[in-house]
1. With every protein chain in place, what's the accessible area of Leu127 (1.4 Å probe, Å², nearest 10)?
2. Would you mind checking the pairs Lys147/Lys172; Lys36/Lys60; Lys97/Lys164; Lys110/Lys162 and listing those with alpha carbons more than 25 angstrom apart?
3. Given the options Phe67, Leu142, Thr93, identify the residue whose Cα lies farthest towards the positive end of the charge dipole of the chain (+1 on Cβ of Lys, Arg; -1 on Cβ of Asp, Glu).
4. How do Glu161, Glu72 rank by accessible surface area computed with a 1.4 Å probe, from largest to smallest?
5. Among rounded, prolate and oblate, which fits the range 53-134 when a ≥ b ≥ c are the square roots of the eigenvalues of its C-alpha gyration tensor, a/c under 1.5 means rounded, and a/b larger than b/c means prolate?
6. Could you work out the local net charge near Phe29, counting Lys and Arg as +1, Asp and Glu as -1, over the other residues with Cβ closer than 11 Å to its Cβ?
7. If you take the square roots of the eigenvalues of the alpha-carbon gyration tensor of the range 30-185 and sort them as a ≥ b ≥ c, do you get rounded (a/c under 1.5), prolate (a/b over b/c) or oblate?
8. Using a Gaussian network model of the chain whose springs link C-alpha atoms within less than 10 Å, name the residue from Arg66, Arg20, Arg159 with the highest mean-square fluctuation.
Amino acid sequence: MNIDRFFDSVPFTTLVQFDRGRTPMSVWFELHSLNKFWENNYLSEIKAGRPALALEVLDKHRQEARFLADFEVERWVYMCAAVGWTPIACTATSWCKGASLDDVLALWRKLGAPSPVADSSANLAALLINHEMLPRNSLIELITAGKDVGGISLLLAARFEKPKDDLTLDQKATLSLELKEVLGI
C-alpha cells in the first residue's frame with residue numbers, strides 16, 4: 001500500500017493537545033456524549049422552571065467547545081468528515097479558528113440537519129453556536145444571514161430571546177408560508 005497517496009488531498013499533521021489533555025477528537029466525543037444527557041439535564045430544568053440550572057448545563061457544553069478556539073477550522077472539517085458529521089459537529093465548527101457563520105450554515109445545509117425546534121439534539125446544536133458569530137437579533141438580520149428556512153431556523157434557535165420584529169408589512173407579505181410559520185408571523 002502506498003500511504004502517501006492519502007496525503008495528496010489531506011495534509012499530514014500531528015496530534016493537537018489543548019489544556020487539560022483534551023484533543024479535538026476528545027472534544028468531539030465529549031460534546032456528543034453530553035448530548036445523550038441533554039433532555040434529562042437541560043430540557044428538564046427548563047420544564048421545571050429552573051432556567052439558571054439549565055444555563056449551567058449549557059455552559060458546560062460551551063466550555064467544552066471553547067477548546068476549539070485555537071484549532072484551525074480546516075482540521076476540524078477533515079476530522080469530522082472522517083468520523084461523520086452531526087448537527088453538533090456542524091455548530092461546534094463555530095468555535096474553531098478561522099470559522100465563519102457561513103461555514104456553519106453551509107455544513108448545516110449539507111448535513112440536512114433537522115429543525116432545532118422539532119429535534120432536541122438539533123436544539124442543543126443551535127444553542128452551541130458561538131454567540132460572537134451570531135448576527136444582531138432582528139428578523140431582517142436573521143433572514144439575511146440565514147438565507148433559507150433551515151439556516152433561519154438554526155439562527156432563531158441559537159438564542160433564548162425572541163428577535164426584534166423589524167420587518168415591514170410589505171416584507172412579511174413576500175415571505176413563504178413555511179418561513180412565516182418558522183418566524184411565528
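1. About 10 Å², rounded to the nearest 10.
2. Details: Lys147/Lys172 15 Å; Lys36/Lys60 14 Å; Lys97/Lys164 30 Å; Lys110/Lys162 27 Å.
The answer is Lys97/Lys164; Lys110/Lys162.
3. My answer, from the dipole projection, is Phe67.
4. Values: Glu161 110, Glu72 70 Å².
My answer, sorted largest first, is Glu161, Glu72.
5. Values: a/c = 1.66, a/b = 1.14, b/c = 1.46.
Judged from the Cα gyration tensor, the range 53-134 comes out oblate (a/c at least 1.5, b/c at or above a/b).
6. Values: positive: Arg22; negative: Glu30, Glu64.
My count for the surroundings of Phe29 gives -1.
7. On the way: a/c = 1.87, a/b = 1.28, b/c = 1.46.
Cα axes put the range 30-185 in the oblate bin.
8. Highest fluctuation of the listed residues: Arg20.
The values are calculated or read from the model by the stated rules, or taken from the named source; none is laboratory data. Note that the coordinates shown come from a computational prediction; the quantities given were computed from them, not determined experimentally. Please note: Cβ atoms are built from the backbone with ideal geometry, for glycine as well, and neighbour counts cover all protein chains shown. Areas reflect the complete protein model, heavy atoms only, side chains present, ligands, DNA and RNA absent. Shrake-Rupley method; radii C 1.70, N 1.55, O 1.52, S 1.80 Å.
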